[in-house]
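Step one of this worksheet: look at the structure below.
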Amino acid sequence: MNYRRRTYDELRVAATSFLAQHHPHGAPPIPIEEIVELKLNLDIAPIPGLKDAMGSEANGYLSMACDTIYVDQFIAENRENRFRFTLAYEVARWHLQIDLLRSCVARNLDEYQEWHEKLPDRVREDSKFEAYDFAGLVLVPTKHLVRSADLAFERAAQGFRNANRDPDEALATIWGHVAKHLADDVFQVSDQVVLKRLRRERILPAGVDL
């Protein structure tokens, strides 16, 4: 099967281009639901019990016709950050892996899962992590991450200085606060997504273990 996983640098370029087209001013939080429905003309269909039915870590999937994103209803209604990431993940598959998906001729979810499990291990794993990376880059754009992280770190560090404490002795604590702030208040994603992006952009100092 002819499939090559893109490098992180290639995905960064692809995500930047995607946002330039569909969210030009780029300000976070990225309106991924609006992009899906109004810019990409894809439907979003919450399905009760979908996560349990899929029996995996997946919270949704792109329809075989590549025109609808099915999402677990509980996730859609009660886990906003996870819902947003699920949409971005499926957008990645639609945007980057459409040829791979169109090789699937499944007629229902069971047949789709059977097709997916029969993919070569490398293709299955590479396509999954490529979509994860693209989703993170779309929801946490590099330019805004750098700027927001710098501001948040300086604000947190100044709080330590005001309390006559050395920020260099509490880097893990400070970066923990920064990551939480960026995740909840700026980008509306999970802490794990922000931490991965901070590491991949080499913003988080080496040796800081969170």
List Phe85, Phe18, Phe160, Phe129 from most exposed to least, where exposure is judged by having the fewest other Cβ atoms within 10 Å.
Phe129, Phe160, Phe18, Phe85
Segment 142-200 - Debye-derived log10 I(q)/I(0), Cα point model, q = 0.25, 0.28, 0.31 Å⁻¹:
-0.99, -1.15, -1.29
Cα-based convex hull, segment 1-44, per residue volume (Å³, whole number)
110
Given charges of +1 on the Cβ of Lys and Arg and -1 on the Cβ of Asp and Glu, with all other atoms neutral, how large is the dipole of the chain about its Cα centre, in debye to the nearest 20?
560
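Considering only DSSP states other than H, G, I, E and B, which GluC sites (Glu not before Pro) in segment 7-89 qualify as loop sites with at most 15 other Cβ atoms within 10 Å?
The qualifying sites are Glu57.
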How large is the dipole of segment 142-200 about the Cα centre if only Lys and Arg carry +1 and Asp and Glu carry -1, each at its Cβ, rounded to the nearest 20 debye?
280
Taking only Cα atoms, what is the 0 to 90° angle, nearest 10, from helix 142-162's long axis to the longest principal axis of the chain?
30
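What does DSSP give for the chain in terms of the percent of beta bridges that are antiparallel, rounded to the nearest 5?
Close to 40 percent.
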Gyration tensor verdict on segment 27-86 (Cα atoms; rounded if a/c is under 1.5, prolate if a/b is larger than b/c, oblate otherwise):
oblate
Nearest 10, in degrees from 0 to 90: the angle of helix 121-139 to the longest Cα principal axis of the chain is 50
Taking only Cα atoms, what is the 0 to 90° angle, nearest 10, from helix 109-118's long axis to the longest principal axis of the chain?
70
Inter-part gap, Cα centre of segment 53-74 to Cα centre of segment 155-183, in whole angstrom, is 39
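Work out how much length Thr7 to Gln158 would gain on full extension: take 0.36 nm times their residue separation and subtract the Cα-Cα distance, in nm to one decimal.
Working: separation 151, 0.36 × 151 = 54.36 nm, distance 3.70 nm.
Stretched out fully, the Thr7 to Gln158 stretch lengthens by 50.7 nm.
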Among [x] 34, 17, 17; [y] 42, 17, 14; [z] 38, 17, 15, find the value of semi-axes √(5λ) of the Cα gyration tensor in Å that was calculated from the structure presented, and write down its label.
[x]
Taking 0.36 nm per residue of sequence separation and subtracting the Cα-Cα distance, how much length would be gained by fully extending the chain between Glu37 and Cys104, in nm to one decimal?
21.8 nm
Ignoring trypsin sites (Lys or Arg not before Pro) buried by more than 12 other Cβ within 10 Å or outside DSSP loops, the longest site-free run in the chain is 5-106
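Every number in this text was worked out from the coordinates using simple rules, so none of it is lab data. Just so it is clear, the structure is predicted and the values come from calculations on it, not from any experiment. Reconstructed Cβ throughout: ideal geometry from the backbone, glycine too, with neighbour counts over all protein chains shown.
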